[in-house]
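Everything on this sheet refers to the single structure shown next.
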Amino acid sequence: MQEQLERLPIPAPAPVAAAPGLCKGGPSYRLPEPLAELLSKLPPYPASWLFVQGLNRLLAPQLPDDVRRSLEGRSLRLRLLDAGIAFDFEWQGTVFVAERYVDVPELCIAASVHDLMLLARRQEDPDTLFFSRRLSLEGDTELGLLFKNTLDAIELPPFDLHALGPRRVLAHLRDRGARGG
């Protein structure tokens, strides 16, 4: 996965002033305003649904059983600060599912798109981003530690961008529906 993640483009770094209290420890990069404005207009539930399809293809198969049990029914939110969007989801049984109308999730993970890409590509670790205030974990402390420790320990499979193509995702959902899961 590392090799394929390294080929992904990271949003072009455009240094900006840090948001108060968020990115004091390191450089802050933001999405270009026109793109951020467009993304911020996405309706929350369909965006969350699309996000969990990617999570279920890439991350869910790698989660250890103890992590799955700890995540069961727990509400999570991933906020892309510079994009102005958030994805609400939870673990149910064997998959992540999108949630609607979550007022306050049990854990909110927030960072810029750039920093999340660095994290996914293992070019930054969660501790560095957290202590430089570029990654925020708010809510249940135990759940936050589970998130951080799982990220540190998990070996992700080779990342195939084509696996997230609309045809493959829809075929995967059709097959899963045919199996009754």
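The values are calculated or read from the model by the stated rules, or taken from the named source; none is laboratory data. Because the structure is predicted, anything quoted here is derived from the model rather than measured. Please note: Cβ atoms are built from the backbone with ideal geometry, for glycine as well, and neighbour counts cover all protein chains shown. These area figures cover heavy atoms from the full protein model, side chains too; ligands, DNA and RNA do not enter into them. Shrake-Rupley method; radii C 1.70, N 1.55, O 1.52, S 1.80 Å.
Checking ALA98, ALA110 one by one, the residue that is in contact with a Leu (Cβ under 6 Å, 6 or more places away or on another chain) and under 21 Å from LYS41 (Cβ atoms) is ALA110 and no other. Scanning the stretch 72-84 for residues that are open to solvent by 20 Å² or more (accessible area, probe 1.4 Å) and of a type in the set (A, V, I, L, M, F, W, C) yields LEU78, LEU80, LEU81. Before we move on, is ALA153 open to solvent by 60 Å² or more (accessible area, probe 1.4 Å), among the aliphatic types (A, V, I, L, M) and more than 17 Å from ARG57 (Cα to Cα)? So ALA153 passes the test.
Scanning the stretch 101-112 for any residue that is open to solvent by less than 20 Å² (accessible area, probe 1.4 Å), part of a helix (DSSP H, G or I) and of a type in the set (Gly, Ala, Ser) turns up nothing.
Among the residues of the stretch 131-144, what is the count of those that are assigned to a strand (DSSP E or B) and over 21 Å from SER70 (Cβ atoms)? Going through the stretch 131-144 one residue at a time, the tally reaches 0. Name, by its number, the condition in (1) in a loop (DSSP other than H, G, I, E, B); (2) within 14 Å of HIS114 (Cβ to Cβ); (3) at pLDDT 80 or above; (4) hydrophobic (A, V, I, L, M, F, W, C) that does not hold for LEU42. Result: LEU42 fails condition (2) only.
Per-residue answers, yes or no, for (1) out of contact with any His (no Cβ under 9 Å at 6 or more places or on another chain); (2) in a strand (DSSP E or B); (3) closer than 24 Å to ARG168 by Cβ:
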residue: LEU55; (1), (2), (3): yes, no, yes
residue: ARG77; (1), (2), (3): yes, yes, no
residue: ASP115; (1), (2), (3): yes, no, no
residue: LEU129; (1), (2), (3): yes, no, no
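For the stretch 46-66, filtering for residues that are in contact with an Asp or Glu (Cβ under 8 Å, 6 or more places away or on another chain) and closer than 16 Å to GLY84 by Cβ leaves 1. Residues that are closer than 19 Å to LEU59 by Cβ and either part of a loop (DSSP other than H, G, I, E, B) or not small (Gly, Ala, Ser) (or both) within the stretch 117-127 comprise MET117, LEU118, LEU119, ARG121, ARG122, GLN123, GLU124, ASP125, PRO126, listed in sequence order.
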